Amino acid sequence: MLQPIDMDWTDPECPVARAADLVGDKWTLLIIRDSLDGKRRFSEFQKSLGVAKNILSDRLRLLVDRGILARIPNDRGTRSEYELTSAGLDLFTLILSLRQWGERNAFGTNERHSVLVTPTTGQPVPQLRPLGPGGSELQPQETLVVKVGQPAP
């Protein structure tokens, strides 16, 4: 769990809004994606993303400040590397979910795109699906938002 962060939250009591406030920017999500893919250096992110250096610097600083990346100086004290923290690694499911949604909804029928596979089988990672208590796929209408500490109606 992250340490409390002093921010102007969009909706202070909503976990979705807080998560979006922390990582909802396009460049931030792509830096996290690249980190999950093994990139660690500023130059690697810059080459992969083609983002302006000032924007990349800002997003990396924010990710470090928010406890999602750790900045690791090298032995000579020059160029640092960035490593996902446990909170950053915990974003794998979010990135995978966005990827799979994109595979289903952001490409035409025969349009080329990348696919995440497991290295041992070469097969695509199975689709993420939330399961209900009985093991069947959970549908949005089968859920209810309640406040922590308050009983469900």
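Data table
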item	result
Hits in the stretch 8-30 - residues which are in a loop (DSSP other than H, G, I, E, B) and touching a residue at least 12 places away in the same chain (Cβ under 8 Å)	9, 13, 25
Residue in the stretch 78-86 that is touching an Asp or Glu at 6+ places or on another chain (Cβ under 8 Å), open to solvent by 80 Å² or more (accessible area, probe 1.4 Å) and not hydrophobic (A, V, I, L, M, F, W, C) present	no
Any pair with Cβ under 7 angstrom, 6 or more apart, that starts in the stretch 62-77 at a residue that is within 14 Å of residue 39 (Cβ to Cβ) and ends at one that is of a type in the set (D, E, K, R)	69/83; 72/81; 72/83
Condition check for residue 131: surrounded by 12 or more Cβ atoms within 10 Å (Cβ to Cβ) and either over 26 Å from residue 22 (Cα atoms) or modelled with pLDDT under 95 (or both)	no
Residue that is surrounded by the most Cβ atoms within 10 Å (Cβ to Cβ), among those in the stretch 1-56 that are of a type in the set (Phe, Trp, Tyr) and under 15 Å from residue 69 (Cα atoms)	45
Helices (runs of 4 or more DSSP H) fully within the stretch 42-110 counting 2 or more residues that are touching a Phe, Trp or Tyr at 6+ places or on another chain (Cβ under 7 Å) and at pLDDT 95 or above	53-65
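The values are calculated or read from the model by the stated rules, or taken from the named source; none is laboratory data. Only a predicted model underlies this, so the values are computations on that prediction, with no experimental measurement involved. So basically every Cβ, Gly included, is an ideal-geometry build from the backbone, and we count neighbours across all protein chains shown. These accessible areas exclude ligands, DNA and RNA; they are computed on the full protein's heavy atoms, side chains included. Shrake-Rupley method; radii C 1.70, N 1.55, O 1.52, S 1.80 Å.
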